[in-house]
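Asker: Please find one structure pasted underneath; my questions will follow.
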Amino acid sequence: MRAEPTRRLVLAGAGSLALAGCKGVTVLGPRPRPGAGVVTLEHAILAEELMIARYRQALAALPPSAGRQHASGKKSAKTKASARDRAVVTAVLAEHSEHLAQLKARLVLPPRLATASPRPSPTPPPAPAGRHRILDELAHAEAAASDRLIGWLPAVPPSLAQLMASIAASEAAHVVQLGFGRLAP
Amino acid sequence: MSPPSPGTRREIAALQAALAAEQAASYGYGIVGAHLTGTRFGAASADCVAHERARDSLTAMIAARGGQPHPAAAAYRMPIRVSTPAQARSVAIALERQVAAAYLGLVALSDPALRRLGADQMRAAAVRSARWGGRPQAFPGLPASSLSGPGQG
């Protein structure tokens with residue numbers, strides 16, 4: 001099945017300029033109200049930024065992978081688990097960065113709004129202590145983010161709905177990557 | 001009976017695409033399961049049932065819109081020859097990826113229920129693919145051509 005042609009969502013300025021007879025543009029109207037699709041896309045971007053902040057925080061909180069080695073030179077099971085956790089979290093973080101880039105590419109703001117004061121970066125709650133709790137919290141955040149994205153689908157145009165559905169699918173698969181529901185090897 | 005409207009025709013076409021993928025997956029999981037044992041056989045059986053249910057549901061949805069559900073093929077060519085459990089898992093992953101892509105058309109429709117169905121099934125396929133050990137995908141089901149690259153827009 002083909003993907004719909006990509007369309008950027010432009011926060012249209014129609015109606016923001018009032019024309020006064022034949023004198024041309026004289027008055028700047030009120031700031032245009034963004035459409036439902038634009039608002040939803042902005043929410044999706046914000047949610048993705050928050051997820052990225054969560055993963056960065058998790059990486060900082062996870063135990064380092066270069067742990068002690070046994071006298072035999074073999075790595076301990078704990079060290080291997082730490083290395084695996086960090087690799088998974090790093091890989092998933094990279095995918096979230098890709099999600100964010102694609103979502104941002106769909107949003108075009110007119111210069112008047114794009115140059116407005118930048119939004120502060122979202123701050124996630126502090127990461128819990130312990131690798132199991134850190135991964136568990138990330139998995140819960142992924143599941144919630146996936147549900148939220150699917151709930152937003154009715155408000156957006158077809159090509160953005162396809163992108164958001166794909167991101168929702170990726171986020172649900174992250175739960176498995178984080179070690180929940182994986183089949184035994 | 002009057003012919004279906006253009007909107008209904010679009011819905012039927014998207015449902016037919018998803019149906020074709022579910023028919024192929026239902027067939028394919030029979031081969032996958034035949035090469036697995038234990039919990040993996042159980043997982044293949046459960047996934048097979050999920051695809052059969054989706055196939056039956058899509059068939060009913062097409063008929064309810066006045067369409068003629070396309071029949072399944074007698075046999076399907078698997079992406080690789082299956083003779084080991086590892087190859088069976090690879091086929092399961094390939095089937096799930098095809099299924100995720102096949103539901104993309106439903107997500108583009110304006111009917112919120114069909115959009116939701118497409119998204120839910122894309123998500124289920126991505127999760128099953130991950131459970132079979134599939135390499136992570138940032139954009140399951142989406143063709144690369146639909147993504148914005150550096151400098152593209």
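Asker: Within segment B:92-144, track down each residue that is among the polar types (S, T, N, Q) and crowded, with 21+ Cβ neighbours inside 10 Å. Even if it seems obvious, please write down each step before you answer.
Answerer: Of all residues in segment B:92-144, those among the polar types (S, T, N, Q) come to B:98, B:110, B:121, B:129, B:137.
Listed by number, the residues that qualify are B:Gln121, B:Ser129.
Asker: Just one of (1) closer than 23 Å to A:Ala3 by Cβ; (2) free of Cβ contacts under 8 Å to residues at least 24 places away in the same chain; (3) part of a helix (DSSP H, G or I) trips up B:Pro79, so point out which.
Answerer: (3)
Asker: Among the numbered criteria (1) touching a residue at least 40 places away in the same chain (Cβ under 8 Å); (2) of a type in the set (A, V, I, L, M); (3) farther than 17 Å from B:Ala17 by Cα, which one does B:Ala102 miss?
Answerer: B:Ala102 satisfies every listed condition except (3).
Asker: Give just the number: which of (1) in contact with a Ser or Thr (Cβ under 9 Å, 6 or more places away or on another chain); (2) part of a helix (DSSP H, G or I) does B:Ser90 not satisfy?
Answerer: With respect to (1) in contact with a Ser or Thr (Cβ under 9 Å, 6 or more places away or on another chain); (2) part of a helix (DSSP H, G or I), B:Ser90 is out only on (1).
Asker: Here is a list: A:Ser82, A:Ser72, A:Ser76. Which entry is touching a His at 6+ places or on another chain (Cβ under 8 Å) and at pLDDT below 95? Don't jump to the end; show me each part of the working.
Answerer: Values: A:Ser82 fails: touching a His at 6+ places or on another chain (Cβ under 8 Å); A:Ser72 fails: touching a His at 6+ places or on another chain (Cβ under 8 Å).
That would be A:Ser76, the only listed residue that is touching a His at 6+ places or on another chain (Cβ under 8 Å) and at pLDDT below 95.
Asker: If you don't mind, there's one more thing I want to ask. Output yes when any residue across segment B:37-45 is within 14 Å of chain A (Cβ to nearest Cβ), among the β-branched types (Val, Ile, Thr) and buried (at least 21 other Cβ atoms within 10 Å of the Cβ), and no when none is. Break it down into steps so the answer makes sense when it comes.
Answerer: Of the residues in segment B:37-45, the ones within 14 Å of chain A (Cβ to nearest Cβ) are B:37-45.
If we keep only those that are among the β-branched types (Val, Ile, Thr) as well, we get B:37, B:39.
Filter once more, keeping what is buried (at least 21 other Cβ atoms within 10 Å of the Cβ): none.
No, segment B:37-45 has no match at all.
Asker: Are any residues in segment B:52-76 out of contact with any helix residue (DSSP H, G or I) (no Cβ under 7 Å at 6 or more places or on another chain) and part of a helix (DSSP H, G or I), and if so, which ones?
Answerer: Passing the criteria: B:Arg53, B:Asp56, B:Ser57, B:Ala60, B:Ala63, B:Ala64.
Asker: Still on this structure, I have one more. Considering each residue of segment A:31-49, count those that are surrounded by 17 or more Cβ atoms within 10 Å (Cβ to Cβ) and under 15 Å from A:Pro124 (Cα atoms), and give that number.
Answerer: Selection size over segment A:31-49: 4.
Asker: Within segment B:75-89, identify whether any single residue is among the aromatic types (Phe, Trp, Tyr) and farther than 24 Å from A:Gln177 by Cβ, and answer yes or no. Explain how you work it out, then say what you get.
Answerer: If we filter segment B:75-89 for residues that are among the aromatic types (Phe, Trp, Tyr), which is where we start, we get B:76.
Still in the list and also farther than 24 Å from A:Gln177 by Cβ: B:76.
For segment B:75-89, residues among the aromatic types (Phe, Trp, Tyr) and farther than 24 Å from A:Gln177 by Cβ: present.
Asker: Of all residues in segment B:93-132, which are assigned to a loop (DSSP other than H, G, I, E, B) and in contact with a Ser or Thr (Cβ under 9 Å, 6 or more places away or on another chain)?
Answerer: First pass over segment B:93-132, keeping only residues assigned to a loop (DSSP other than H, G, I, E, B): B:103, B:108-111, B:132.
Selection gives B:Ala108, B:Trp132.
Asker: Quick one: is B:Pro140 at pLDDT 95 or above and either at the interface with chain A (Cβ under 9 Å from one of its Cβ atoms) or on the phi > 0 side of the Ramachandran plot (or both)?
Answerer: Values: at pLDDT 95 or above: yes; either at the interface with chain A (Cβ under 9 Å from one of its Cβ atoms) or on the phi > 0 side of the Ramachandran plot (or both): yes.
Taking the combined requirement at face value, the residue satisfies it.
Asker: If you check A:Ala129, A:Ala145, A:Ala168, A:Ala141, which single one turns out to be over 18 Å from A:Glu49 (Cα atoms) and of a type in the set (Gly, Ala, Ser)?
Answerer: Values: A:Ala145 fails: over 18 Å from A:Glu49 (Cα atoms); A:Ala168 fails: over 18 Å from A:Glu49 (Cα atoms); A:Ala141 fails: over 18 Å from A:Glu49 (Cα atoms).
On inspection, the qualifying residue turns out to be A:Ala129.
Asker: Another question, if that's okay. Condition first: more than 7 Å from chain A (Cβ to nearest Cβ) and either farther than 13 Å from B:Val107 by Cβ or in contact with a strand residue (DSSP E or B) (Cβ under 6 Å, 6 or more places away or on another chain) (or both). Now tell me which residues in segment B:119-128 satisfy that.
Answerer: Listed by number, the residues that qualify are B:Ala124, B:Arg128.
The values are calculated or read from the model by the stated rules, or taken from the named source; none is laboratory data. Please read these numbers as outputs of a predicted model, since none were measured by experiment. Positions of Cβ are backbone-derived with ideal geometry, glycine not excepted, and every protein chain shown enters the neighbour counts.
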